[in-house]
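Read the structure below first, then the notes.
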Amino acid sequence: DEVVETYNPERAIAIVVNPKTGEVLGLSNRPSFNPNKRDVTNYSNDAISSRFEPGSTMKIFTLAAAIEEGVYNGNETFQSGRYKVYSDTVSDHNNGQGWGTITFDEGVRRSSNVAFSILARDKIGTERFYQYLVDFGFDQPTGIDLPDEVNSAIRYDAEIEKVTTSFGQGTAVTPIQQVQAATAIANDGVMMQPHVIQKIVDPESNETIKENTPKIAGEPISSETAEKVLDILETVVEDGTGRSFAIEGYQIAGKTGTAQIPSPEGGYMKGWGNNIYSFIGFAPKDDPELIVYT
């Protein structure tokens, strides 16, 4: 409500999950409605029924893949700014200016598209990277116990699509798919299926009609990789694009996302505010009890 009042977005989503169990502790969308008035303007549960190009929150999983493959060296340097993919060019978010020759760790902190293009194409390899998309569950719905969940739309035919997917452009996923994948980062590499209902009890007989127990959805990375990803993502909050998400007294790890919105005329919408802004946060960093997506 405060976000809506302050920034007046067209829509807003927030999800809070226990990464150890997959329990959804909170989930909300705006616009919302008063069930007594039935003043419904948004009939979708956007957290599970909308898919969009996620932007740089997707870099979390590219980073994890590179570390798991043993090809990530945070002290290695690269030339930021622009990266050629045949006739196409990937540009960093400061209009391709970049920041000169920087380390990959700095590339993560600055959310360099070029850094993640190099990781996906030159270090991991695009075919191997696709397997990580599958391992992280991005190729199918999570199976959350809510109606009308939609699946992703992975665009992975052209060479440029294989590269842009690594930094969250082209391929569209749902918020809940990202949250499920993030549980692997927060839970020692073990990915948990999200669920809303803990149990349903008949009020008359006190019989348990339905009960959800934690369900493993996959193990895409090792616990060592998960720990390293969290260490790096903490620096994003301390000294990178996620500084505004720092909370005094708490260890926060996380990644920001600023996604472009496809235009009906082709390409992407331009101008102030024509973006999807997001953040995936983990707290406390050393042993996360919460994942927050907003």
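Given the structure, is TYR156 touching a helix residue (DSSP H, G or I) at 6+ places or on another chain (Cβ under 8 Å), outside any helix (DSSP H, G or I) and farther than 26 Å from GLU23 by Cα? In short, yes.
Let's see how each residue does on (1) open to solvent by less than 20 Å² (accessible area, probe 1.4 Å); (2) closer than 30 Å to GLU23 by Cβ; (3) modelled with pLDDT of 95 or more:
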{"position": "SER87", "(1), (2), (3)": "no, no, yes"}
{"position": "ASN95", "(1), (2), (3)": "no, no, no"}
{"position": "PHE104", "(1), (2), (3)": "yes, no, yes"}
{"position": "SER117", "(1), (2), (3)": "yes, no, yes"}
{"position": "GLY143", "(1), (2), (3)": "no, yes, yes"}
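Just a yes or no: is a residue in segment 34-46 touching a His at 6+ places or on another chain (Cβ under 7 Å), open to solvent by 10 Å² or more (accessible area, probe 1.4 Å) and either more than 24 Å from ALA172 (Cβ to Cβ) or β-branched (Val, Ile, Thr) (or both)? No: zero hits. Just one of the listed residues (THR235, THR171, THR213) is out of contact with any strand residue (DSSP E or B) (no Cβ under 6 Å at 6 or more places or on another chain) and either of a type in the set (A, V, I, L, M, F, W, C) or open to solvent by less than 30 Å² (accessible area, probe 1.4 Å) (or both), and it is THR171.
PHE52: within 16 Å of the chain's Cα centre (by Cα) and aromatic (Phe, Trp, Tyr), yes or no? So PHE52 fits the description; yes. Return a yes/no flag: does segment 255-267 have any residue that is of a type in the set (A, V, I, L, M, F, W, C) and free of Cβ contacts under 8 Å to residues at least 60 places away in the same chain. For segment 255-267, residues of a type in the set (A, V, I, L, M, F, W, C) and free of Cβ contacts under 8 Å to residues at least 60 places away in the same chain: absent. Taking the conditions (1) loosely packed, with under 14 Cβ neighbours inside 10 Å; (2) closer than 20 Å to GLN140 by Cα; (3) in contact with a strand residue (DSSP E or B) (Cβ under 6 Å, 6 or more places away or on another chain) in turn, ASN75 satisfies each one other than (2).
Candidates are the residues of segment 254-290 that are under 23 Å from GLN169 (Cβ atoms) and aliphatic (A, V, I, L, M); the one that is nearest to the chain's Cα centre (by Cα) is ILE280.
For the subset of segment 242-294 comprising residues that are aromatic (Phe, Trp, Tyr) and within 22 Å of TYR7 (Cα to Cα), which member is most open to solvent (accessible area, probe 1.4 Å)? Let's see the steps before the verdict.
Within segment 242-294, the subset aromatic (Phe, Trp, Tyr) is 245, 250, 268, 272, 277, 279, 282, 293.
Adding the requirement that they be within 22 Å of TYR7 (Cα to Cα) leaves 245, 268, 272, 277, 279, 293.
Details: PHE245: 72, TYR268: 61, TRP272: 240, TYR277: 120, PHE279: 12, TYR293: 6 Å².
Out of the qualifying residues, it is TRP272.
Any residue at all in segment 120-129 that's touching a helix residue (DSSP H, G or I) at 6+ places or on another chain (Cβ under 7 Å), open to solvent by less than 30 Å² (accessible area, probe 1.4 Å) and in a loop (DSSP other than H, G, I, E, B)? No; the residues of segment 120-129 include none that is touching a helix residue (DSSP H, G or I) at 6+ places or on another chain (Cβ under 7 Å), open to solvent by less than 30 Å² (accessible area, probe 1.4 Å) and in a loop (DSSP other than H, G, I, E, B).
The values are calculated or read from the model by the stated rules, or taken from the named source; none is laboratory data. Only a predicted model underlies this, so the values are computations on that prediction, with no experimental measurement involved. For neighbour counting, all protein chains shown are included, and Cβ atoms are generated from backbone atoms with ideal geometry for every residue, glycine included. Accessible surface areas use protein heavy atoms only, side chains included; no ligands, DNA or RNA. Shrake-Rupley method; radii C 1.70, N 1.55, O 1.52, S 1.80 Å.
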